[in-house]
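The values are calculated or read from the model by the stated rules, or taken from the named source; none is laboratory data. Note that the structure is a prediction, hence the values are computed from the model and not measured. Cβ sites come from the backbone with ideal geometry, for glycine too, and all protein chains shown count toward neighbours.
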Amino acid sequence: MDLTQERVIPKQMNPKNGMLIEHLERYKFAATFVSGRVLDIACGAGYGSELLLEGSKRGAIKEIVGADIDEIAVEYARENYTFDNVTYRVADALSLKLKEELGSFDSIVSFETIEHFEGDEVFVKNLYELLKPGGVAIISTPFGRGKDQPCKNPYHAYQYKEEEFMEVLSIFDEVEMYHQRDSDIELPLEGKKYYLMVAVCRKKHKNAI
């Protein structure tokens, strides 16, 4: 699989690469939240499965499903990041049959995905439908100048202001927004500049008030 501007392949990258560090830290952060049956949507090379398993509490994760639209990426993940409780699937994040294809999940991670295609509301609705009541989804995207502004990055369809990102995530019952700069992922500190948003989104139990 070829390394591109938007593709993270740890085995082909300098460990000091800033983009690599950011991606690894997001998975380490997510590992403290996820449990049960976990979906990594747009999993790419599959390295996130290893980080989620390593960073979560022992026995917390029962199964990980890594899904990506790129067949080459899925094959690479199968060859390089195989674990007993991990499988990889070719799937379209915007498919209206995604739940039928993949089932339901206790936890979902989706990093640097939502900005790549038009149809962000369809994507987020899919994540909400895939998530079991009481579940958590961790979703990230870079800070931008606004969805109505042209993207300099040719791989991106949208760039989000924080209020726009919060709006598209409003289908969830609770959203807590963290900010990221390099290896720091934290609730935002006044006066500190950040480059990415990491949202922890929750779906309440059906009987919750």
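Scan region 92-109 for residues that are under 22 Å from residue 203 (Cα atoms) and either of a type in the set (Val, Ile, Thr) or not in a helix (DSSP H, G or I) (or both) and report the count. Number satisfying all stated conditions: 12. Of all the numbered requirements in (1) buried (at least 20 other Cβ atoms within 10 Å of the Cβ); (2) of a type in the set (Phe, Trp, Tyr); (3) farther than 24 Å from residue 198 by Cα, residue 105 misses one, and that requirement is (3).
All conditions in (1) at pLDDT below 90; (2) touching a Lys or Arg at 6+ places or on another chain (Cβ under 6 Å); (3) not polar (S, T, N, Q) hold for residue 106, with the sole exception of (1).
Only one of 169, 187 is crowded, with 17+ Cβ neighbours inside 10 Å and touching a strand residue (DSSP E or B) at 6+ places or on another chain (Cβ under 8 Å). Can you tell me which? Step through it out loud before you land on a result.
Values: 187 fails: crowded, with 17+ Cβ neighbours inside 10 Å.
Only one candidate qualifies: 169.
Can you list the strands (runs of 3 or more DSSP E) found entirely within region 110-209 that contain at least 1 residues being over 15 Å from the mean Cα position of the chain (by Cα)?
On the way: elements: 131-142, 174-181, 184-186, 196-202.
Result: 131-142, 174-181, 184-186.
Out of the residues in region 131-146 meeting the condition of being in contact with a strand residue (DSSP E or B) (Cβ under 6 Å, 6 or more places away or on another chain) and surrounded by fewer than 20 Cβ atoms within 10 Å (Cβ to Cβ), tell me which one is nearest to residue 193 (Cα to Cα). Looking at the filtered set, the residue picked out is 142.
Cβ separations smaller than 8 Å between residues 6+ apart or across chains give the following pairs from region 192-205 residues that are within 17 Å of residue 108 (Cβ to Cβ) and of a type outside the set (Gly, Ala, Ser) to residues that are assigned to a strand (DSSP E or B) and modelled with pLDDT under 95: 197/141; 197/142; 197/143; 197/160. On the stretch given as region 50-91, residues that are assigned to a loop (DSSP other than H, G, I, E, B) and in contact with a helix residue (DSSP H, G or I) (Cβ under 7 Å, 6 or more places away or on another chain) total 4.
From 134, 119, 103, 46, which residue is in contact with a Leu (Cβ under 7 Å, 6 or more places away or on another chain), on the phi > 0 side of the Ramachandran plot and touching a residue at least 24 places away in the same chain (Cβ under 8 Å)? Can you show your working first?
Numbers: 134 fails: in contact with a Leu (Cβ under 7 Å, 6 or more places away or on another chain); 103 fails: in contact with a Leu (Cβ under 7 Å, 6 or more places away or on another chain); 46 fails: in contact with a Leu (Cβ under 7 Å, 6 or more places away or on another chain).
Result: 119 is the single residue among 134, 119, 103, 46 that is in contact with a Leu (Cβ under 7 Å, 6 or more places away or on another chain), on the phi > 0 side of the Ramachandran plot and touching a residue at least 24 places away in the same chain (Cβ under 8 Å).
For region 61-82: of the residues being surrounded by fewer than 14 Cβ atoms within 10 Å (Cβ to Cβ) and touching a residue at least 12 places away in the same chain (Cβ under 8 Å), which is farthest from residue 41 (Cα to Cα)?
Step one: of region 61-82, the residues surrounded by fewer than 14 Cβ atoms within 10 Å (Cβ to Cβ) are 62, 71-72, 79, 82.
This time we only want the ones that are touching a residue at least 12 places away in the same chain (Cβ under 8 Å), so: 62, 71-72.
Numbers: 62: 17, 71: 14, 72: 15 Å.
Residue satisfying both the conditions and the ranking: 62.
Taking region 32-45 as the range and being at pLDDT 95 or above and over 22 Å from residue 124 (Cβ atoms) as the test, only 32 passes.
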